[in-house]
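Asker: Let me begin by handing over the structure; questions about it come next.
The values are calculated or read from the model by the stated rules, or taken from the named source; none is laboratory data. Values in this document were obtained by computation on a predicted structure and should not be read as measured data. We place every Cβ from the backbone using ideal geometry, glycine too, and count neighbours over all the protein chains shown. Heavy atoms of the whole protein, side chains included, go into the accessibility calculation; ligands, DNA and RNA do not. Shrake-Rupley method; radii C 1.70, N 1.55, O 1.52, S 1.80 Å.
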Amino acid sequence: MSEYQMNEKHAGMALDRGVQGVLGQPISRIDGLAKVTGTATYGLEHRIDNLAYGVAITAPIGKGRVTAIDTEAARRMPGVIDIIAGEASIPRETPVFGQKSAHGYDGKVESYGEIVGVAIADCFEAARAAAMAVVVTCVAEPGRFDIRDGEADAESPPEGALLPDTVIGDIDKAMGEAEVTLDVTYTTPPQVHAAMEPHGTIASWEGDRLTIRAPVQIVGGAIPVIAATLGIVAENIRVLTPYIGGGFGGKTMSADIILAAVAAKRTGRTVKVPLSRQQIFHVTYGRSDTIQRVRLGADRAGKLSAVGQDSLVGQKAGASQFFEPVALGAVALYAGANRSFTTRTAQVNLTARGPVRAPGEAVGMIGMECAMDEMAAKLGLDPIAFRKANEPEVDPSTGSPFSSRRLIECYDEGARRFGWADRRKRREGDWLIGHGMATASRVNFLAKSAARVRLGADGRALIETDMTDLGTGTYTILAQVAGESLGLPIGSVDVHLGDSDFPTGAGSGGSFGAASSASSVALACEDVVVELARRMGADPADMTLKDGHAISGNRRVSLAELVGGSPIEGMGTIQPGSTGQAFSQSTHGAHFAEIGVNAVTGEIRVRRMLAVFDCGRVLNHKTARSQAIGGMIWGIGYALHEHAVVDTRTGAYVNRDLAEYHVPTNADVPQIEAYFVEEIDRHANPVGAKGLGEAGISGAAAVVANAIHDACGVRVRDFPITADKLLEGLPPV
Amino acid sequence: MRTFDYARADTPEAAVAGFAQTGTRFIAGGTNLLDLMKLQIETPTRLVDISRLPLADIEEREDGGLTIGALVPNSDLAADKRVIAKYEMLSRALLAGASGQLRNKATTGGNLLQRTRCNYFYDTAAPCNKRAPGTGCAAIGGFNRIMAVLGTSDHCIASHPSDMAVAMRALDATLVTLRAEGGQRRIPIAEFHLPPGDTPHIETVLQPGELITHIELPPPPAGRQIYRKVRDRASYAFALVSVAGAVSVEDGRIASATLAFGGLGVMPWRDPAVERALIGQAPGSPAFEAAADALLAPAKGHGSNDFKIPLARRTLISCLRHLTGTSL
Amino acid sequence: MRFTINGRSYELDPDIRTSLLDLLREHLDLTGSKKGCDHGQCGACTILVNGRRINSCLTLAVMHQDDDITTIEGIGTPENPHPMQQAFVRHDGYQCGYCTPGQICSAVGMLDEVAKGWPSHVTADLGAVELDEAEISERMSGNLCRCSAYPGIVDAIGDVAGAKP
């Protein structure tokens, strides 16, 4: 049992001594063939006989009371087994990250589309029709359907918040004294995860034991919420989630898990509850809209004396203490003695606000990085030079040293690869072409994570953890870590994930998954290596492991032989520790883009996009590149498309489907490039990797916006930047 | 989705005969009807499957036009060599619509009957005179970015979503139908769609049980053709504004012009005043501005769709420059 | 009802309202075809019917009794993958994998459309189709990928098709 708490740099592990040469390699995903042949099994695809189907019944008001639920007609429909409605067992919505249990039905409605019941039938078609045949009568009351409605009594961050307010010096005074200032307000709209796999659950009971098959990002986090909501003990819950069709923060928990469990208990059947795409918009938490006041003050040379980003966000009344931590990326980014990074959370009657890919940075870096671009122009400085002039030695908000920070290299490498110095603003036919750059910064986390590694008599290693793979590449990188540590080719490592019977992993979220789970696997391998060394009669440090053999002195013995009849098992657990506070930890990067704006219509096309990231050690260059590019394309969506529009008369999302909630299509995206400057960050975690899944989106929308401004001269501060917002500034036709 | 009876028709005559009871709908590609049935916006009690009827051919007509079977998939129509050669705007309109998968299923006849994408039409909890006559219009005073600015009424401002129908309108297509009681009817496309007025639920002149069997295209218009679509994504999105048109120039004057518009109107939009403003004029800004004025004089924004008016002006003028080879 | 799927015959009697996609996923255990939106807005359900790519969510099963239906399971298997499936693995043309079977069926159908000379929205001369990255992107835009593996998808398809960059 190897446990390690991250209070100091790890002294070095078998992983560091490894000579197999698989870690970091651009190996194709080991789960790839399962995915491309359709044999990977997602939440609703487990084969179970005699299933019943449940479909959620929802209330069509944004605030008020349910006065009647008429199930008579629905109950009489063919194939209907039962309608459970208007009972306290029905979860009103998905609990937000940080919420201990789901709110049960109590007749009140606090946001549009809350669940009031579930229709259960022998087939999906009958359940869907029955759910729609239930008549839910409501009395609507006035609600707060805009965060501005809640500005007056908005709340400051609670004790222990991820992003407490940071106020240093006197920003008002500094702004008054600065030679050049910028004081602008950026707004970003509500956004949703829109993972391709909709939420849905298959629940089955055997006596007191409940089995949940559903996409769940963080198994160890969801189980206590399920247990508390259902009033059962956590030990009686098994969650299976081997493949997840995208999560992006939206699958930490889901109301359908509770609905399916309640329906299965009541009917004695195994029940499948899929949420419809339209329901997901209202039932699952999303990202808050933000109003960000960004203030910058500098001398004429561009040295910042004032840096501020003060924001208003929203949260559903009574949902959770979670709030969109807008300034998370900016708080440690630029030097400047007078600082203000604060967040106020308005209580509103809108679908709860929770984590969506890169909470904070995804939208906060829009305001900060666009403002930096505006300020550079005001100062007459190149935007890279302006940023370099304000590169801090230590974290400017806490004074802590950085665990690693190679942002300057990212600027230089990115500028070189992009051809920044040779960029040329121009018109080609109807297209106005411009360029921009922006900084990426995403805070780095470590989460407690455990894994078991078992070396079998066949010389193969088996990794088991309830860690998940949302598409991030977990299966593959964990095999690479074990392969490197144990001297095994990648094909000799099996990885089993997403089963709560396995040791509790970090789960996927906050970009901590890869580093945390990889550290736990590396630690588990330490146990295995110590035992192999004992059997070899060697010191672990003097033993080389390669191609399934242990080599010590002039002896080379196959691992299968060393295992013999006694498989070797290791358990690794990583715990976060004091380095999390002692060092300021972030992934950094630099984005570059070339954009075309149609001079007639204002249509926008991303022509080129390139970024360089400092993300610590790269565990797999192929999957890391995909993670980075994926994030950057989210940035395109945030810049140009995504806006979950609230009808402020009702609190409903107006565009609640994928035809009208636009995410980028293939045609919106060029052949994006992503590169890495690598450094093993020993202060971050034992494997030295920093988070990457969310770094790509940080600053990515801003770079698009900055290039649009360069192309056509229009600075849009209200996102997304759609054609209509450019029209007035375009040349005459 | 409510349950329904299902019958497959083997001949057009059998199809219309099978339409006896109320609540019957024809289904061909189904890409729009099933979308709406899943949300119970459409609740037919009987579906007559016409997808196997022999109406999927494209034939040349003696006058130089084409006769297009109502069941010709959008993909096939777009890729047809004769359409590409003579009716490029139609091919381009089709290719600008939906996705490859949808175009493979959606039919020519069905596309003309495509229903609006109005967000509130799609929300069965919202008032909507088109979906539930007499309940009101939530789009007026609501989020109406995608709604119409031309031809609206106090009862409905929903826009027509089709690209293909816009080109058909510019090309003066004629619909040929088989009536429920037997016998053909020929309906010029100009007379096919109906403005909302106070009956926005009635969208075309088709009578119950009347089946579109063919679409006839007259010989192509003179001059260069265009289909220009402006939308919020590069692909797979409905038009904010689109222009289908053909303009010919002779002796330095515009000799003929046909222009129709998508995204702007409650139906595929064509206004003779636009063409009148152009014909006989020298190509150039004065004529183009006059055409835009003629198009947009009756336009009315409802807040979030106000931008469509300047966007349409700019797009139309740019298209006219392209069609006449006139630079700025 | 009788269906022919991946060369195999099936006879069963589902609810008349069953979509072709739900027939595959809920009745025949062919769960490779995915449900992403159920309204033809994402492309995850793309399959080939008589060789053409369509959204299986937006059509009724009952309407396809005489058709030749190919799903991802009929394109290739882990033991014997199709070149397109291999290319998606090689180029990391996916992440979560949920849209992937639809992307691959769509790509196979799309290349057949190109072979027939069908133009696209971005084809300059409608009579002369030449496959390049812009053509692939446009033609694949009916398949959303929220993980945003589009560059890898384009590379994978270009690799199989021998397309120009």
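Asker: Pick out the one residue from B:Ser159, B:Ser91 that is part of a loop (DSSP other than H, G, I, E, B) and open to solvent by less than 40 Å² (accessible area, probe 1.4 Å).
Answerer: That would be B:Ser159, the only listed residue that is part of a loop (DSSP other than H, G, I, E, B) and open to solvent by less than 40 Å² (accessible area, probe 1.4 Å).
Asker: Now a separate question. Before we move on, is A:Asp208 under 26 Å from A:Pro95 (Cα atoms), in contact (Cβ under 8 Å) with a residue 12 or more places away in the chain, open to solvent by 40 Å² or more (accessible area, probe 1.4 Å) and charged (D, E, K, R)? Let's see the steps before the verdict.
Answerer: On the way: under 26 Å from A:Pro95 (Cα atoms): yes; in contact (Cβ under 8 Å) with a residue 12 or more places away in the chain: yes; open to solvent by 40 Å² or more (accessible area, probe 1.4 Å): yes; charged (D, E, K, R): yes.
Yes: the conditions hold for A:Asp208.
Asker: Considering (1) closer than 17 Å to A:Val331 by Cα; (2) buried (at least 16 other Cβ atoms within 10 Å of the Cβ), say which one A:Val167 fails and leave the rest.
Answerer: (2)
Asker: Give the residues of segment A:395-412 that are charged (D, E, K, R), open to solvent by 50 Å² or more (accessible area, probe 1.4 Å) and either under 14 Å from A:Ala440 (Cβ atoms) or touching a Lys or Arg at 6+ places or on another chain (Cβ under 8 Å) (or both), sorted by residue number.
Answerer: Correct list: A:Arg406, A:Glu409.
Asker: Across segment A:313-332, what is the number of residues that are within 16 Å of A:Pro190 (Cα to Cα) and open to solvent by less than 10 Å² (accessible area, probe 1.4 Å)?
Answerer: Number of matching residues: 7.
Asker: Might you check whether a residue that is of a type outside the set (Asp, Glu), part of a helix (DSSP H, G or I) and open to solvent by less than 10 Å² (accessible area, probe 1.4 Å) occurs anywhere in segment A:486-508? Walk me through it before giving the result.
Answerer: Of segment A:486-508, the ones of a type outside the set (Asp, Glu) are A:486-493, A:495-498, A:500, A:502-508.
Keeping just the survivors that are part of a helix (DSSP H, G or I) gives A:486, A:490-492.
Within this subset, residues satisfying the condition of being open to solvent by less than 10 Å² (accessible area, probe 1.4 Å) are A:486.
Yes.
Asker: Okay, moving on. Which of the residues spanning segment A:640-692 are among the β-branched types (Val, Ile, Thr), surrounded by 23 or more Cβ atoms within 10 Å (Cβ to Cβ), more than 8 Å from every other protein chain (Cβ to nearest Cβ) and assigned to a loop (DSSP other than H, G, I, E, B)?
Answerer: Across segment A:640-692, the qualifying residue is only A:Val687.
Asker: Then there is this: Within segment C:122-165, track down each residue that is more than 10 Å from every other protein chain (Cβ to nearest Cβ) and of a type in the set (Lys, Arg).
Answerer: Result: C:Lys164, single match.
Asker: Within segment C:69-89, how many residues are facing chain A (nearest Cβ under 7 Å), more than 15 Å from C:Thr4 (Cα to Cα) and open to solvent by less than 30 Å² (accessible area, probe 1.4 Å)?
Answerer: 5
Asker: Considering only residues that are open to solvent by less than 10 Å² (accessible area, probe 1.4 Å) and out of contact with any His (no Cβ under 9 Å at 6 or more places or on another chain), which ones fall in segment A:576-599?
Answerer: We begin by selecting, within segment A:576-599, every residue open to solvent by less than 10 Å² (accessible area, probe 1.4 Å); these are A:579, A:587-593, A:595-599.
Within segment A:576-599, A:Thr587, A:His588, A:Gly589, A:Ala590, A:His591, A:Gly596, A:Val597, A:Asn598, A:Ala599 qualify.
Asker: Out of segment B:200-254, which residues are assigned to a strand (DSSP E or B) and of a type in the set (Lys, Arg)?
Answerer: Going through segment B:200-254, the residues assigned to a strand (DSSP E or B) turn out to be B:204, B:211-217, B:224-231, B:239-250, B:253-254.
Listed by number, the residues that qualify are B:Arg224, B:Arg228, B:Lys229, B:Arg231, B:Arg253.
Asker: Need at least 3 residues that are in contact (Cβ under 8 Å) with a residue 12 or more places away in the chain, touching a helix residue (DSSP H, G or I) at 6+ places or on another chain (Cβ under 7 Å) and more than 30 Å from C:Ala87 (Cβ to Cβ) per element, so show me which strands (runs of 3 or more DSSP E) inside segment A:14-89 make the cut, counting only ones lying wholly within it. Walk me through how you get there before you give the answer.
Answerer: On the way: elements: A:51-58, A:64-70, A:80-85.
Where strands (runs of 3 or more DSSP E) fall fully within segment A:14-89 and carry at least 3 residues being in contact (Cβ under 8 Å) with a residue 12 or more places away in the chain, touching a helix residue (DSSP H, G or I) at 6+ places or on another chain (Cβ under 7 Å) and more than 30 Å from C:Ala87 (Cβ to Cβ), they are A:51-58, A:80-85.
Asker: Can you tell me which residue is nearest to the chain's Cα centre (by Cα) among those in segment C:52-68 that are under 19 Å from C:Tyr10 (Cα atoms), of a type outside the set (S, T, N, Q) and open to solvent by 30 Å² or more (accessible area, probe 1.4 Å)?
Answerer: C:Asp68
Asker: I need every pair where a residue in segment C:94-113 that is more than 7 Å from chain A (Cβ to nearest Cβ) and open to solvent by 10 Å² or more (accessible area, probe 1.4 Å) has its Cβ under 7 Å from the Cβ of a residue that is among the basic types (Lys, Arg) and part of a helix (DSSP H, G or I), sequence separation at least 6 or different chains.
Answerer: Between residues of segment C:94-113 that are more than 7 Å from chain A (Cβ to nearest Cβ) and open to solvent by 10 Å² or more (accessible area, probe 1.4 Å) and residues that are among the basic types (Lys, Arg) and part of a helix (DSSP H, G or I), there is no close pair.
Asker: Scan B:Leu295, B:Leu316 and give me the residue that is open to solvent by less than 40 Å² (accessible area, probe 1.4 Å), over 17 Å from B:Arg231 (Cα atoms) and in contact with a Phe, Trp or Tyr (Cβ under 9 Å, 6 or more places away or on another chain).
Answerer: Working: B:Leu316 fails: over 17 Å from B:Arg231 (Cα atoms).
That would be B:Leu295, the only listed residue that is open to solvent by less than 40 Å² (accessible area, probe 1.4 Å), over 17 Å from B:Arg231 (Cα atoms) and in contact with a Phe, Trp or Tyr (Cβ under 9 Å, 6 or more places away or on another chain).
Asker: Something else now. Within segment C:52-68, can you find the residues that are more than 11 Å from chain A (Cβ to nearest Cβ) and under 20 Å from B:Met37 (Cα atoms)?
Answerer: Residues satisfying the conditions are C:Ile54, C:Asn55, C:Ser56, C:Leu58, C:Thr59, C:Val62, C:Met63, C:His64.
Asker: Working only within segment A:536-575, note down all residues that are part of a loop (DSSP other than H, G, I, E, B), small (Gly, Ala, Ser) and surrounded by fewer than 17 Cβ atoms within 10 Å (Cβ to Cβ).
Answerer: Correct list: A:Gly537, A:Gly553, A:Gly564, A:Gly565, A:Ser566.
Asker: Further question on the same structure: Pick from A:Ile115, A:Ile147: which is more than 30 Å from A:Ala306 (Cα to Cα), of a type in the set (A, V, I, L, M) and either assigned by TED's automatic domain parsing to the domain that holds A:Met253 or under 27 Å from the mean Cα position of the chain (by Cα) (or both)?
Answerer: A:Ile115
Asker: Only residues that are among the β-branched types (Val, Ile, Thr) and open to solvent by less than 50 Å² (accessible area, probe 1.4 Å): list them for segment B:182-218, please.
Answerer: Across segment B:182-218, the qualifying residues are B:Ile187, B:Ile189, B:Thr204, B:Val205, B:Ile212, B:Thr213, B:Ile215.
Asker: Given the condition open to solvent by 20 Å² or more (accessible area, probe 1.4 Å) and of a type in the set (D, E, K, R), answer yes or no: does some residue in segment B:237-250 qualify?
Answerer: Yes, segment B:237-250 contains a residue that is open to solvent by 20 Å² or more (accessible area, probe 1.4 Å) and of a type in the set (D, E, K, R).
Asker: From the list A:Leu462, A:Leu497, A:Leu432, A:Leu478, exactly one residue is farther than 26 Å from C:Tyr94 by Cα and out of contact with any Gly (no Cβ under 6 Å at 6 or more places or on another chain). Which is it?
Answerer: None of the others qualify; the one that does is A:Leu432.
Asker: So which of B:Arg169, B:Arg179, B:Arg117 is within 13 Å of chain A (Cβ to nearest Cβ), closer than 30 Å to B:Thr67 by Cα, of a type outside the set (A, V, I, L, M, F, W, C) and open to solvent by 20 Å² or more (accessible area, probe 1.4 Å)? Explain how you work it out, then say what you get.
Answerer: On the way: B:Arg169 fails: within 13 Å of chain A (Cβ to nearest Cβ); B:Arg179 fails: within 13 Å of chain A (Cβ to nearest Cβ).
After ruling out the rest, the residue left standing is B:Arg117.
Asker: Which ones in segment B:319-328 are free of Cβ contacts under 8 Å to residues at least 24 places away in the same chain and surrounded by 23 or more Cβ atoms within 10 Å (Cβ to Cβ)?
Answerer: To start, the set of residues in segment B:319-328 that are free of Cβ contacts under 8 Å to residues at least 24 places away in the same chain comprises B:327-328.
Matches in segment B:319-328: none.
Asker: Conditions: (1) assigned to a strand (DSSP E or B); (2) surrounded by fewer than 21 Cβ atoms within 10 Å (Cβ to Cβ). B:Lys300 meets all but one. Number of the miss?
Answerer: Failing condition for B:Lys300: (1).
Asker: For segment A:130-164, give me each residue that is more than 21 Å from A:Val66 (Cα to Cα) and of a type in the set (A, V, I, L, M).
Answerer: A:Ile147, A:Ala152, A:Ala154, A:Ala161, A:Leu162, A:Leu163, listed by residue number.
Asker: Only one of (1) within 24 Å of A:Ala194 (Cα to Cα); (2) away from chain A (no Cβ under 11 Å) fails for C:Val49. Which number is that?
Answerer: (1)
Asker: Which residues, counting only those in segment A:275-310, are part of a strand (DSSP E or B), among the small types (Gly, Ala, Ser) and open to solvent by 10 Å² or more (accessible area, probe 1.4 Å)?
Answerer: Once the filter is applied, which keeps residues that are part of a strand (DSSP E or B), among the small types (Gly, Ala, Ser) and open to solvent by 10 Å² or more (accessible area, probe 1.4 Å), segment A:275-310 yields only A:Ser305.
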